[in-house]
Each structure stands twice: as structure tokens, then as C-alpha cells.
Amino acid sequence: MYALVDCNNFFVSCERVFRPDLEGRAVVVLSNNDGCVVSRSNEAKAMGISMGIPFYKVKSLVESGQLVAFSSNYALYGDLSNRVMSLLADAVPRIEIYSIDEAFLHLEGIPEEKIPRLCRELVQKIWRWVGVPVSIGVAPTKTLAKIASHFAKKHKGYRGVCMMDTDEKRLKALKLTSIDDVWGIGRRLAPKMISRNVRTAFDFVERPRDWVAANFNINGVRTWEELQGKACIEEECEDRRKSICTSRSFADMIEDEKELILRISDFAAMCARKLRQEGSAAHDVTVFMFTNRFRDDLAQYFPSATIRLEVAANSVQEIIGAALKAFRTIYRTGYRYKKAGVIVSSIVPSDEIQGAIFGFDEELRERQDRLSKVMDSVNAAAEASGTHSGHSLLRLATQRPGHYADGIRSEFRSPLYSTSLDEIIKVR
């Protein structure tokens with residue numbers, strides 16, 4: 001059996017941990033640069049505030065006192081997530097962290113009759129010890145556990161735990177689950193499903209396996225089998241990602257080429273650092289930029305370019321060098337850029353890099369790798385000591401001084417209650 005633990009309205013719940021006065025009030029959390037709504041309390045949902053709505057459309061509700069808005073506070077959310085996950089890890093044989101607010105629990109070895117009590121105790125313990133409400137769905141497969149968690153969250157009668165342990169419960173849940181709410185289907189495949197008269201999860205499992213294989217890829221077949229009660233989705237987390245992206249929307253639109261070079265260099269340096277942390281290297285470095293698509297009065301431009309490295313790399317010098325080369329092929333004057341980013345892909349293990357036959361300076365590569373390791377060590381020590389907030393105490397001249405993410409608008413950020421002594425909660 002699997003259990004899917006889902007933190008309810010997680011970012012909003014984190015804000016309420018240190019602001020109990022917000023219980024019962026409509027609260028939203030905003031994306032980077034206070035751009036759009038990414039988390040909503042149940043009260044905000046009841047007001048008709050949709051996920052992803054631009055903040056300017058609901059700003060009047062904040063100004064009138066009907067709605068409370070917070071800027072993203074990822075340090076706080078990450079810390080509270082770690083607390084939740086540590087409690088889960090102590091309670092079960094194996095945990096698979098799926099996202100900042102979700103985790104699959106592997107319940108092998110736990111007698112089935114003891115699972116409901118275990119889950120109820122976890123709901124209560126996480127609420128008491130962390131202050132975050134969670135819902136738990138239990139089922140024979142991960143996909144069914146996801147569906148069960150939705151019922152646990154939606155219906156108060158479950159008291160936070162829904163266990164799908166019989167075929168009768170499974171079929172009833174599938175009939176009540178829209179096809180676009182099924183994990184692995186979502187809004188991308190749902191229109192295709194609906195066009196074939198598949199509107200619920202039950203409609204889907206009623207179709208023959210051969211029909212599913214003919215109309216959808218192997219992932220569609222796996223989802224179909226999971227809904228039948230056959231576990232076939234392996235652990236989702238991979239040691240190495242297939243690509244790494246670092247991007248930001250800018251607080252103010254940028255036209256100046258020199259400023260954009262600083263930003264691109266920052267993003268590329270972060271990608272290189274993540275590669276080294278994972279023991280990986282990348283062949284391809286892509287740079288993309290966006291103008292503001294919401295400004296019809298401005299010229300629009302959405303370019304991207306990729307540089308292929310003959311020998312996969314993860315040093316900050318090589319990744320930044322490739323990124324700036326790609327940037328210079330796409331930068332055009334006369335445009336005001338709102339967002340930019342760097343993607344590294346075609347990733348391979350760093351201990352399996354194959355050198356080029358011609359023109360490869362192995363001694364230079366070794367020097368660059370040593371320098372990158374020194375930069376990582378110094379920056380990590382500076383961050384751990386609290387003397388520097390980011391990863392750029394040592395940096396290349398093309399990077400900005402200070403933290404790579406400075407300049408992001410966060411007008412409504414709450415204090416770093418649990419990660420900064422300077423902002424710790426004061427009890428009067």
C-alpha cells in the first residue's frame with residue numbers, strides 16, 4: 001500500500017503557522033515578483049480567486065481589507081517542509097518526497113489494519129508539532145493514493161484520511177473523479193480523452209487495454225493499470241535530472257545589454273553549480289528571453305539559442321561562456337525584456353565525460369574544475385556562517401555582486417521566522 005501525504009494549501013498554511021489571526025480569512029501567496037497567485041486559502045477559493053490570476057486583478061481586494069496577500073517566502077516554506085518530511089520519515093519504512101508539499105509513504109511491512117490509525121496519528125502529530133494541516137490518501141497504487149488524498153482534503157468526514165482498500169471504494173472514487181484530475185492525465189491529455197467520450201477516471205478504466213495502447217503512449221497505459229489497482233510507477237525521483245533551468249522574471253523590464261549579461265551570467269553560474277552538486281555535466285546550454293506579453297503597447301520578442309559543447313562541462317567558466325555566446329546571437333536592441341533564463345541539458349555523469357579527438361585542452365579543463373570547486377567551497381562556507389546570503393561571494397567578473405536573485409519584488413514578504421535570528425518571532 002501507498003500513502004500520499006499532501007499539505008493543504010501549503011504556502012498559505014505556512015504563513016498561518018506564525019499568524020494564527022489569519023485563520024478563517026481569505027489569504028493568497030504570490031509568485032516571484034508578486035506576479036500572480038500560486039496558493040489560496042479555502043476562503044480565497046470561495047471568493048472565486050483562481051489559481052494563477054495576475055495579482056493586479058485582485059489588488060483592490062487587498063487594499064480594501066477583504067484579502068491578505070503574501071510574497072513568496074521560500075526559505076520559510078522549505079524549512080517547514082523539512083519538518084513535515086522528517087516526521088513522516090520517522091514513521092514509515094520508506095518515504096519518497098515528490099514535491100515541497102507532497103510525499104509518498106511506502107507502507108510495506110505495516111499490517112493493513114494498523115494503517116488508518118497510523119495515518120490519523122500522523123495528521124494530528126504534524127498539526128501539533130508543525131502547525132500545517134495535511135491530508136492523506138491510502139491505496140494500492142500511487143495514482144489511486146493521489147485520488148484518495150483529494151477526497152481526504154475535500155470531505156471533512158474523512159478527518160484528513162481516506163483509505164481506498166476495496167474494489168468497491170476504488171470504483172466509486174473513479175466514478176466521482178474527473179479525467180483531468182487524474183495524476184498523469186491532467187489538462188494536457190484531458191481534451192483528447194474527452195473527445196473520445198472519456199470524461200471520468202471510471203470511463204478510462206472501462207476501456208480495453210489495447211484501446212489505451214493504441215490511443216496513448218506508454219505513460220497512458222501505466223496510468224490505466226494504476227487505476228486498475230496494479231502498481232507500475234516506479235520512484236519518480238532521479239539522481240540526475242535530464243535538464244536544469246534557472247530563470248527569473250525581472251521586477252522591472254530591462255533593455256540594457258550590460259545588465260542582461262550580468263543576469264544571464266548569474267543564471268548560468270547557478271546551473272553550473274547544480275550540475276556539480278549532482279555530479280553531472282552538460283553538453284547543451286540554452287538561453288531564452290521574453291518581453292512582457294501583457295504589454296500590447298510594446299514590441300514583442302521571444303528568442304532562444306543553444307550552444308553545443310563538444311565536451312560536456314560543469315565549470316562555471318565554461319557554462320557562463322557558452323551562455324553569453326548564445327545570448328549575443330539573440331540579443332536585439334529596442335526591446336524591453338521581462339524574463340530570461342538558462343537551461344543546461346544533454347546531461348551526463350561527470351565521471352563519464354568523453355573527451356574530443358581534436359582541440360581539447362585537458363589541462364585547462366582540470367584548472368577550471370579546480371577553480372570551480374574552490375568557489376563552491378568558499379561560497380558554501382560563507383553562506384553557512386551567515387556572512388553572505390547567496391552563492392556569489394566568489395564569482396566571475398561577468399556576474400553581479402550579491403545574491404543572484406536580488407531585485408525581485410517582494411512587497412508583502414513575511415519574516416523569516418524559523419531561519420533567521422534577526423527575524424525570529426517576538427513574544428511580548
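The values are calculated or read from the model by the stated rules, or taken from the named source; none is laboratory data. None of these values were measured; they are calculated from a predicted model. Neighbour counts run over all protein chains shown; Cβ positions are idealised from the backbone, glycine included. Protein only, heavy atoms only, side chains kept; ligands, DNA and RNA dropped before computing areas. Shrake-Rupley method; radii C 1.70, N 1.55, O 1.52, S 1.80 Å.
Of note:
- Label zone (I424, point 7 Å along Cα-to-C-beta; backbone nitrogen cut-off 20 Å) within segment 57-75: 75.
- Along its three principal directions, the equivalent ellipsoid of segment 82-165 from the Cα gyration tensor extends over semi-axes of 17, 15, 13 Å, largest first.
- Protein accessible area in segment 131-250, 1.4 Å probe - carbon and sulfur %: 47 percent
- With the convex hull of the Cα atoms taken as the outline of the chain, the averaged projected area works out to 25.5 nm².
- Stretch gain in nm, segment R207-E108, where the contour uses 0.36 nm per residue and the Cα spacing is subtracted: 32.6 nm
- Label-reachable residues, segment 42-81, where backbone N falls under 19 Å from a point 7 Å from K125's Cα toward its Cβ: 80-81
- Among V134, M270, G52 - extreme Cα towards positive end, dipole of the chain, charges at beta-carbon: G52
- Cα gyration tensor category, rounded, prolate or oblate, for segment 221-300 with a/c compared to 1.5: oblate
- The chain: relative contact order as a whole-number percent, Cα under 8 Å and 6+ apart: 15 percent
- Shape category assigned to segment 268-353 from the gyration tensor of Cα positions, a/c cut at 1.5: prolate
- Calculated FRET efficiency for the pair Y301/A75, C-beta based, R₀ 25 Å, to 0.05: 0.15
- Accessible surface, per residue, of segment 190-301 when the full set of protein chains is kept, probe 1.4 Å, Å²: 51 Å²
- Under the convention that each Lys and Arg Cβ holds +1 and each Asp and Glu Cβ holds -1, the size of the dipole of the chain around its Cα centre is about 1320 debye.
- Check: segment 62-119 dipole with +1 on Lys, Arg Cβ and -1 on Asp, Glu Cβ, in debye: 140 debye
- Computed from phi, the 3J(HN,Hα) profile of segment 214-225 under the Karplus parametrisation 6.51, -1.76, 1.60 (θ = phi - 60°) reads 6, 9, 9, 7, 4, 5, x, 5, 5, 4, 4, 5 Hz, with x in place of Gly and Pro.
- What a 1.4 Å probe finds exposed on segment 75-121 is 48% carbon and sulfur by accessible area, rounded to a whole percent.
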